[in-house]
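Student: Shown below is the structure under consideration.
Throughout, read-outs are computed from the coordinates displayed, never taken from laboratory work. Owing to the predicted nature of the structure, the values given are computational and were not obtained by experimental measurement. Every residue, glycine as well, gets a Cβ built from its backbone with ideal geometry; the counts of neighbours run over all protein chains shown.
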Amino acid sequence: MEWFEWVFTREFRQYLLAHDLVFPLLFLIRLLGVTAIELIRPARKVEYSRVIVYDFAVFLLYQFIIFPIAGYIDLWIAVRPNLPDVVLNLPLPLRVTAYFVIADFGHYWIHWLMHTAPVWRIHKWHHVPTYMYWLAGVRATIPQQVIVNLPYIFAYSFLDLSPWWMYLAIGMFNALQNDWMHMNVAWRFKWLEWLIVTPRYHHIHHSNRPEHYTANLAALFTVWDRLFGTYVDPDKVSEPLSFGIGEKVPLPRLALGV
């Protein structure tokens, strides 16, 4: 059992960091853990054997090509304000809260923009899946990822004096949040939906019903939908929901956003 004890040591954590294994390990935990949760009480039937290989390939494409290229482009175009010391010296919990509120507010409006006719093509690939489960949400074109990153990079300024592990923790949180929104679970979280986006809340956004095309755009805080008129109450939506874009588009065009 020595290996089991080693997993909980500082040496193990340093090994993961030194070999860039934190996020691969996190993905393995997500693959086994989140899939198991979905199998316990699924909202809808998903034939994992038919979809997970394709979605895993998309995940690799996103992780090693799309996200790095988008990040490189953002180095040239993103805006990072120089905040005064009085802000940077605020307690860490306040600055982390500011980060999430500002980043999520910006994400809401960028998401709204991507559902307008001129920009829809760069976001369309994300809505192609005709099923919802945790790995279905990894599709993103390079143009989409470039503009989605912008509010988060802007908000990172609030974390400039934060400990190094804060950036790692936020990256892990963002990955798990995306899994959470798309999870195939039948659980009801009505009380949580007053503040946080839940799976059934976000699934409405992926619905192929015309009245849902611009519904529930929020990624983290549901308050933006309530404030700006895009809120749809999950309790008032009849099941079953179906998903997808209702058209066949060549994969290269979808992936490139053209």
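Student: Packing-wise, with mean Cβ within 10 Å as the measure, how do 109-117, 245-253 rank, highest first? Show your work: numbers first, answer last.
Tutor: On the way: 109-117: 15.4, 245-253: 10.8.
In decreasing order of mean packing, 109-117, 245-253 become 109-117, 245-253.
Student: Would you list which lysines come within 20 Å of LYS190, measuring only between C-alpha atoms, while excluding same-chain residues fewer than 8 positions from it?
Tutor: Partners found: LYS236.
Student: Continuing with this model, one more query. Amide H of ALA43 versus every other amide H placed in the peptide plane: which residues, excluding those fewer than 5 positions away on the same chain, fall under 5 Å?
Tutor: Close amide H contacts, sequence-distant or interchain: VAL185, ALA186.
Student: Among (i) 21.2; (ii) 22.5; (iii) 19.7, which one is Kirkwood radius over Cα pairs in Å computed from these coordinates?
Tutor: (iii)
Student: Report ³J(HN,Hα) in whole Hz for each residue of segment 237-245, in order, from the Karplus equation J = 6.51 cos²θ - 1.76 cosθ + 1.60 where θ = phi - 60°; Gly and Pro get x.
Tutor: 9, 7, 9, x, 8, 10, 10, x, 9
Student: I need the shape label for segment 127-258. Rule: rounded when a/c is under 1.5, else prolate if a/b > b/c, else oblate, with a, b, c from the alpha carbon gyration tensor. Each step should come with its number before you reach the end.
Tutor: Details: a/c = 1.85, a/b = 1.23, b/c = 1.50.
It comes out oblate by the Cα gyration axes.
Student: Once amide H atoms are built 1.01 Å from N in the peptide plane, which residues 5 or more positions from ILE196, or in another chain, come under 5 Å H to H?
Tutor: Here the answer is THR222, since their amide H atoms fall under 5 Å of that of ILE196.
Student: If you average the sequence gap of Cα pairs under 8 Å that are 6 or more apart and divide by the length of segment 2-256, what percent do you get for the contact order?
Tutor: Relative CO of segment 2-256 lands at 24 percent.
Student: I'd like the Kirkwood hydrodynamic radius of segment 50-187, using the inverse of the mean 1/r over distinct C-alpha pairs, in Å.
Tutor: Working: mean 1/r = 0.0611 Å⁻¹.
About 16.4 Å, per the Kirkwood formula over Cα pairs.
Student: I would also like to ask the following. Show me the helices of the chain, taken as full DSSP H stretches, that run 18 Å or more along their long axis by Cα and average -1.0 or above in Kyte-Doolittle hydropathy. Walk me through the numbers on the way to the answer.
Tutor: Values: long enough: 22-40 (27 Å, 2.18); 48-61 (19 Å, 1.48); 92-114 (32 Å, 0.80); 142-155 (20 Å, 1.09); 164-182 (29 Å, 0.14).
Span-like helices here: 22-40, 48-61, 92-114, 142-155, 164-182.
Student: Which cross-chain or sequence-distant (5 or more) residues have an amide H under 5 Å from the amide H of PHE243, H modelled 1.01 Å from N in plane?
Tutor: Amide H neighbours of PHE243: ASN208.
Student: Further, regarding this structure: Can you work out the Karplus-derived ³J(HN,Hα) for every residue in segment 208-218? Use 6.51 cos²θ - 1.76 cosθ + 1.60 with θ = phi - 60°, whole Hz, and x for glycine or proline.
Tutor: Once θ is set to phi - 60°, the couplings for segment 208-218 become 8, 6, x, 6, 9, 4, 10, 9, 6, 7, 4 Hz.
Student: Rounded, prolate or oblate: which one fits segment 27-102, using the alpha carbon gyration tensor with axes a ≥ b ≥ c (rounded when a/c is under 1.5, else prolate when a/b beats b/c, else oblate)? Working shown, then result.
Tutor: Values: a/c = 3.92, a/b = 1.77, b/c = 2.22.
It is oblate, given that a/c is not under 1.5 and a/b is not larger than b/c.
Student: Separate question: Taking neighbour counts of Cβ atoms within 10 Å as a proxy for exposure, in what order, fewest first, do TRP187, TRP224 appear?
Tutor: Values: TRP187 13, TRP224 22.
Going from least to most buried by this count: TRP187, TRP224.
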